[in-house]
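Throughout, read-outs are computed from the coordinates displayed, never taken from laboratory work. For clarity, every value in this text was computed on a predicted model and none was experimentally measured. Virtual Cβ from ideal backbone geometry, glycine too; neighbours counted across all protein chains shown.
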Amino acid sequence: MSLIDSIREETCFAGIQGRTDEEVLGILSDRLYEQGIVKGDYREHVILREKNYPTGLPLKHYKVAIPHTDACYVEETRICVAALKEPVEFGTMGSSADEKIPVHLVVMLAIKEQHAQLDVLQELINLIVKNEKMIEELVMAEDGGKLYHILKSCLG
């Protein structure tokens, strides 16, 4: 499944508020669960994985986190994109969980096919690193619909 096929308007959110990375991940996990996209224990496992293997990308301006967990907790492949109302501290990818960065945008993966997870993650990181302008537009989006349309136009 391609990136554009994995992103739907109903899983794009703007103005998400949370004090911690766990709170933000909990909010997004609950929304995916309510839509039948993930299983009930997805929340617990995405939070645990983020704690053990941080996903914050230390980009030049706006920081992005790409949390995910194993396919066995997913019912349907989907990518959830959320612009945060205020930046939230997430651990930095490739470093200890103690090294934090202020994240503005969360791109949470729910990938049903375990073998596809690495490819999707690499494609997303490549897209994010090369498109600072897109990230800025996503962070500034007023609502989920606008966020979705920005992504759709960038992904073609």
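Annotations for the structure displayed:
- Distance (nanometres) between label positions extended 7 Å along Cα→Cβ at D41 and E76: 2.3 nm
- Among the GluC sites (Glu not before Pro) in the range 52-138, those located in a DSSP loop and surrounded by at most 12 other Cβ atoms within 10 Å of their own Cβ are E113.
- For the chain, built as a Gaussian network whose Cα springs stay under 10 Å, the top-fluctuating residue of A83, A65, A116: A116
- Long-range amide H partners of C12 with built H, under 5 Å: V81
- Gain on full stretching of the segment that runs from E34 to K60 - 0.36 nm per residue minus C-alpha separation: 5.9 nm
- Under Karplus coefficients 6.51, -1.76 and 1.60, residue-wise ³J(HN,Hα) of the range 2-16 in Hz, glycine/proline x: 7, 4, 4, 6, 8, 9, 10, 4, 6, 10, 10, 9, 10, x, 5
- Summarising the label geometry, the points placed 7 Å from Cα in the beta-carbon direction at Y53 and E89 lie 2.4 nm from one another.
- For the range 27-98, the alpha-carbon radius of gyration amounts to 1.13 times the rule-of-thumb value 2.2 N^0.38 Å expected for a compact globular protein.
- Sum of -39500 (n - 2.57) over DSSP H runs of 4+, divided by residues of the chain (222 nm, nearest 500): -12500 deg cm²/dmol
- Segment E132..Q17, full-extension length gain: 39.2 nm, with 0.36 nm per residue of separation and the alpha-carbon distance subtracted.
- Selected from L118, I16, G36, residue furthest toward positive end of dipole (the range 1-130; charges at beta carbon): I16
- Loop-resident sites, the range 47-76, for trypsin sites (Lys or Arg not before Pro), counting at most 15 other Cβ within 10 Å (DSSP): K60
- Stretch gain in nm, segment L118-R8, where the contour uses 0.36 nm per residue and the Cα spacing is subtracted: 37.6 nm
- Computed as a quarter of the hull surface, the mean projected area of the alpha carbon convex hull for the range 46-156 stands at 6.9 nm².
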